[in-house]
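The values are calculated or read from the model by the stated rules, or taken from the named source; none is laboratory data. Everything numeric here is computed off the predicted structure, so don't read it as measured data. Note that we place each Cβ from the backbone using ideal geometry, even for glycine, and neighbour counts take in every protein chain shown. Ligands, DNA and RNA are stripped out before the accessible areas are found, and what is left, the full protein with its side chains, is counted by its heavy atoms. Shrake-Rupley method; radii C 1.70, N 1.55, O 1.52, S 1.80 Å.
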Amino acid sequence: MNKPVYLDYAATTPVAPSVAEEMVKYLTLDGVFGNPASRSHAYGWQAEAAVESARRQVAELINADPREIVWTSGATESDNLAIKGAVAGRDNPHIVTSIIEHKAVLDTCKWLEQHGVEVTWLTPGPDGRIRPEQVTEALRGNTVLVSLMLVNNELGCITDVAGIGRILRERGVLFHVDAAQAAGKMPVDVSALSVDLMSLSGHKVYGPKGVGALYVRRSPDVRIEAQIHGGGHERGMRSGTLPTHQIVGMGKAFAIAKDGLESETAHLEQLRASFLQGLADLDGVTLNGSKEYRVPGIVNLSFEGVEAESLMLGLRDLAVSSGSACASATIEPSFVLRGIGLSDELAHRALRFSFGRFSTAEEATFAASQIVDVVSRLRAVR
Ligand SMILES: *Cc1c(COP(=O)(O)O)cnc(C)c1O
């Protein structure tokens, strides 16, 4: 059986072959298997050197200082550490976020809300973007943190983080940005964006799953409280033996992403163009989210008169995602699509197609022709 065409790069990416090759050198007896925290022998020193080299590679992609990178188990942990760590120990804290954040941010903020933290939930426009004025209006005397994503994982739209960052820096409010979907897909510069805390993930950028990083600004100095204690690794912000192979993999993946950013963007723009061209003759197709401010690899489309669930069943040769979380009995439409004002009906008719480094023009054209066939068939039997 042929495998379906993979069009779910926003969910995860395969590890780049050269990254996997590098990672296996840090596991076995003949490799660099030592504990990076072992200070008394060469096994430890070598592992530490590999970790520090990867720290530089991750820092370089976002124009940070390597000392500002804290290793975590993924962007989910980075989001938790940034938000809980910024709020901890503050008197009567207030935070601002949006209703279309990743669950790692939403659920963390909801949990804090249940524990007495005040949360303002901003609603984006139909383009999926939070405007700087909305953030300004939400600020209060006790606001300690604003948490917003740079690129939305379902829509692919880009928020004006630089504009919001300028306001927050002036007001002395911490700014956390989840950039898991932005890194490797667009230029990201923590200084230009005036960000204080930034979450990153390995596996969205052709690195391994189970590793991530939190950028924590040093100047002006940002203080967050550790959420995992023991051993005092990572300048006391995140304890636990560092997974050298994972970290080396993420470092290499980020270095590749930096070198290939322009060519990869051009590649994805071409794929998107072929894909949309292939759909041009199909009526009743809407692109969800901002048309202008978006990364090229993520395309979220609603198909008039066609349920996403039926469409996905028909698209057996494509691996895509509906964005709807299907519980056994009830099918909930995507909270992101509802969040940008789509009716339940329209939200139920949306699918996310996400392309990546290993996608080909043939696959994009094939995907479009499959969609045209299945949508036409489903509309004919309505
Ligand atoms: C994938 C993703 C995460 C979670 O990252 P993990 O490394 O899988 O924990 C968080 N935020 C966004 C925007 C994501 O796309």
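Worth pointing out:
- Surface composition of the range 17-256: carbon and sulfur atoms hold 51% of the protein heavy-atom accessible area at a 1.4 Å probe.
- For the range 338-382, chymotrypsin sites (Phe, Trp or Tyr not before Pro) are listed when DSSP marks them as loop and at most 14 other Cβ atoms sit within 10 Å of their Cβ; the list is Phe358.
- Highest-MSF residue in the chain out of Lys84, Lys110, Lys209 [GNM, Cα springs under 10 Å]: Lys110
- Note on Arg235 and Asn92: the extension gain reaches 48.8 nm, defined as 0.36 nm multiplied by sequence separation minus the Cα-Cα distance.
- Using a probe of 1.4 angstrom and keeping all protein chains present, the accessible surface of the chain works out to 43 square angstrom per residue.
- If R0 equals 41 Å, the separation of the Cβ atoms of Asp317 and Arg166 corresponds to a calculated FRET efficiency of about 0.30.
- Too-long pairs where the Cα-Cα distance tops 19 Å, listed order kept, from Lys103/Lys204; Lys3/Lys204; Lys84/Lys110: Lys3/Lys204
- Accessible heavy-atom area order of Ser321, Ser334, highest first, probe of 1.4 Å: Ser321, Ser334
- Annotation for Thr12 and Asn35: the two label points, set 7 Å from Cα along the Cα-Cβ direction, are 2.9 nm apart.
- Calculated SAXS-style log₁₀ I(q)/I(0) at q = 0.07, 0.12 Å⁻¹ - the chain, Debye, Cα scatterers: -0.33, -0.94
- Distance from the Cα centroid of the range 61-95 to that of the range 272-310 is 34 Å (rounded to whole angstrom).
- Rounded to 0.05, the FRET efficiency of the Arg223 and Thr360 pair, given R0 = 41 Å and the Cβ-Cβ distance, is 0.30.
- Rounded to 10°, Cα long-axis angle of helix 75-87 versus longest principal axis of the chain: 60
- From phi via Karplus (6.51, -1.76, 1.60), per-residue ³J(HN,Hα) for the range 36-46 in Hz, x at Gly/Pro: x, 8, 6, 8, 9, 7, 5, 4, x, 4, 5
- For the pair Asn2 and Arg382, label points projected 7 Å from Cα toward Cβ lie 2.9 nm apart.
- Gain upon complete extension [Ala280, Ser191; 0.36 nm per residue less C-alpha separation]: 28.0 nm
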